[in-house]
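Quick notes on the structure that follows.
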Amino acid sequence: MNVTVIGGNGQLGSDVVCAFENNHDSVRPLTHADIEIGNLDSVRNCLQNSNPAIVVNTAAMHHVENCEKHPAAAYAVNAIGVRNLALVTREIGATLIHISTDYVFDGRKTTPYVEDDAPLPLNVYGNSKLAGEHYVRTLNPKHFVLRTSALYGKHQCRAKGGRNFVDLMLELARTRGKVRVVDDEFVSPTATSDLTRQIVALSRCESYGLYHATAENHCSWYEFTKEIFSLAGVNVKLEAAAPGEFPAKTPRPAYSVLENRELKRIGLNMFSAWDVGLRQYLTGSVSEPLPSVPA
Ligand SMILES: NC(=O)c1ccc[n+]([C@@H]2O[C@H](COP(=O)([O-])OP(=O)(O)OC[C@H]3O[C@@H](n4cnc5c(N)ncnc54)[C@H](OP(=O)(O)O)[C@@H]3O)[C@@H](O)[C@H]2O)c1
């Protein structure tokens, strides 16, 4: 199967490229130097000739503060760029697998969000990603929109200066006597390797739609850090920050936990608990192999 991965050198995109290659698919990674998704001609030129069966879009402007400062730029990539991809994939008959975010919700719920909960983003990033979701869902019937959360993986997160949260905490532990982390924001930290396995599995089916796609269970950033230090054998003083001690410049949901309800309904939820994914990331052990999927 011919697969094109947009953002092919990003944190998630790099893993997606490897996973499809390991599955013996023919993979074409596109970097920002190859394609500008905000430009319809660029999208047409890149996709029409290679005629992929599957296009995976991991490209986004997703630095939350930058999106807030530059809303037009955020919409140009996260909304219009995604519209361009939806239009062109429909024209060429390709399936579009698009990555979205838990930040489409306002975080006022106290139980995990399901796919039919009403989104209400708190910031430009979430609003522009929600607009992108709408374009995919209305323009290309052959789509998977996957909302994920708090990604970390072995490749650099390009929009966030390279380091993911796990590596940042380990660096703070090395360079400081103590680390203080917020204990009142809850997420489901998700390993890119786990999300990637889910993407490959979905690419083999036709159960198109909107899916929540995060690690199982949830934790606060403090609890996540505690587990990082415990698994890495790091001995550093860790303290829960007082509420409001690190005020965010841009509002964010305090509780953005997602339930993978639709993946479970179709019998394809491949995620394990967040601490299992973290252990695999820190020990370098390989996840359960993907059940054989036809090339
Ligand atoms: N990271 C997280 O914690 C997180 C959480 C939830 C959802 N997500 C979503 O997950 C996806 C992947 O995130 P990631 O962490 O892998 O991001 P990343 O490492 O920053 O990778 C994004 C990739 O997209 C490319 N790109 C950006 N703008 C582009 C454009 N206009 N045209 C073409 N390519 C463009 C970037 O290239 P350049 O760097 O060269 O511009 C980079 O290769 C995004 O959709 C994000 O919204 C991320």
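I'd like to know which of PRO71, LEU202, GLY107 lies farthest towards the positive end of the charge dipole of the chain, counting +1 on Cβ of Lys and Arg and -1 on Cβ of Asp and Glu.
PRO71
Given springs between every Cα pair under 10 Å in a Gaussian network model of the chain, which of VAL257, VAL136, VAL27 has the largest fluctuation?
VAL27
Just list whichever of LYS129/LYS160; LYS160/LYS249; LYS69/LYS142; LYS69/LYS154 have alpha carbons separated by over 25 Å in the model shown. List each step's numbers first, then the result.
Values: LYS129/LYS160 17 Å; LYS160/LYS249 16 Å; LYS69/LYS142 34 Å; LYS69/LYS154 29 Å.
Over 25 Å Cα-Cα: LYS69/LYS142; LYS69/LYS154.
When a footprinting reagent is the concern and you count Cβ atoms within 10 Å, what order do GLU68, GLU185 take, fewest first?
Numbers: GLU68 15, GLU185 19.
Least to most surrounded, the residues fall as GLU68, GLU185.
Report the local net charge at VAL181: Lys and Arg +1, Asp and Glu -1, summed over other residues whose C-beta lies under 11 Å from its C-beta.
Numbers: positive: LYS178, ARG180, LYS226; negative: ASP183, ASP184, GLU185, GLU223, GLU239, GLU245.
My count for the surroundings of VAL181 gives -3.
Any idea what the dipole of the stretch 64-148 comes to, in debye rounded to 20, about its Cα centre with Lys/Arg Cβ at +1 and Asp/Glu Cβ at -1?
Values: 9 positive and 9 negative charges, 38 e Å.
Dipole of the stretch 64-148, to the nearest 20 debye: 180 debye.
Explain nothing, just the number: dipole magnitude of the chain about its Cα centre with +1 on each Lys and Arg Cβ and -1 on each Asp and Glu Cβ, in debye rounded to the nearest 20. Don't skip to the answer; put the middle values down first.
Working: 29 positive and 31 negative charges, 64 e Å.
Once rounded to the nearest 20, the dipole reads 300 debye.
Per DSSP H run of n ≥ 4, the term is -39500 (n - 2.57); total these for the chain, divide by its residue number, and report the mean residue ellipticity at 222 nm rounded to 500 deg cm²/dmol.
Values: 11 runs with 109 residues, N = 295.
Calculated from helices alone, the mean residue ellipticity at 222 nm is -11000 deg cm²/dmol.
What number, in nm² with one decimal, is the all-direction average of the projected area of the convex hull of the alpha-carbon atoms of the stretch 2-283?
On the way: hull surface 55.8 nm².
The directionally averaged projection comes out at 13.9 nm².
In straight Cα distance, which aspartates and glutamates are under 14 Å from LYS109, not counting same-chain residues fewer than 8 positions off?
Here the aspartates and glutamates satisfying the reach criterion relative to LYS109 are ASP117, ASP184, GLU185, GLU259.
In percent, what relative contact order does the stretch 2-283 have, based on Cα pairs under 8 Å that are 6 or more apart in sequence?
Rounded, it is 21 percent for the stretch 2-283.
Arranged by the count of other C-beta atoms within 10 angstrom, fewest first, what order do SER193, SER14 take? Can you show the working numbers first?
Values: SER193 19, SER14 22.
Lowest count first: SER193, SER14.
Across all directions of projection, what mean area in square nanometres is found for the Cα convex hull of the stretch 75-191?
On the way: hull surface 35.6 nm².
Projected area, direction-averaged: 8.9 nm².
If you place +1 on the Cβ of every Lys and Arg and -1 on the Cβ of every Asp and Glu, how big does the dipole about the Cα centre of the stretch 156-197 come out, in debye to the nearest 20? All intermediate terms of the calculation are to be shown ahead of the outcome.
Details: 8 positive and 6 negative charges, 55 e Å.
It works out to roughly 260 debye.
Let me check against my output: what whole-number percent is the relative contact order of the stretch 1-160, with C-alpha pairs under 8 Å and at least 6 apart?
Working: 288 pairs, mean separation 42.5, N = 160.
It comes to 27 percent, rounded to a whole number.
Apply the Karplus curve 6.51 cos²θ - 1.76 cosθ + 1.60, θ = phi - 60°, to the phi angles in the stretch 32-41 and return the couplings in whole Hz, x for Gly and Pro.
In residue order, the calculated couplings are 4, 5, 8, 9, 10, 5, x, 10, 4, 5 Hz.
What percentages make up the Cα-Cα pair-distance distribution of the stretch 246-285 when the bins are 10 Å wide from 0?
Histogram of Cα-Cα distances, whole percents per bin: 21, 29, 35, 14, 1.
Hey, in the GNM for the chain with a 10 angstrom Cα cutoff, which one of ALA254, ALA86, ALA213 fluctuates hardest?
ALA254
When the Cα centres of the stretch 9-55 and the stretch 251-282 are compared, how far apart do they sit, in Å?
Going from one Cα centre to the other spans 25 Å.
Taking amide H positions as placed in the peptide plane 1.01 Å from N, state which residues far from THR101 in sequence (5 or more) or on other chains have amide H under 5 Å from it.
Excluding prolines and chain starts, which carry no amide H, the hits are THR148.
Roughly how many Å is it from the Cα centre of the stretch 95-123 to that of the stretch 143-204, as a whole number?
Cα centres, the stretch 95-123 to the stretch 143-204: 17 Å.
A short reminder: the numbers here are calculations on the coordinates, not readings from a lab. None of these values were measured; they are calculated from a predicted model. Neighbour counts are summed over all protein chains in view; Cβ atoms, including those assigned to glycine, are modelled from backbone coordinates with ideal geometry.
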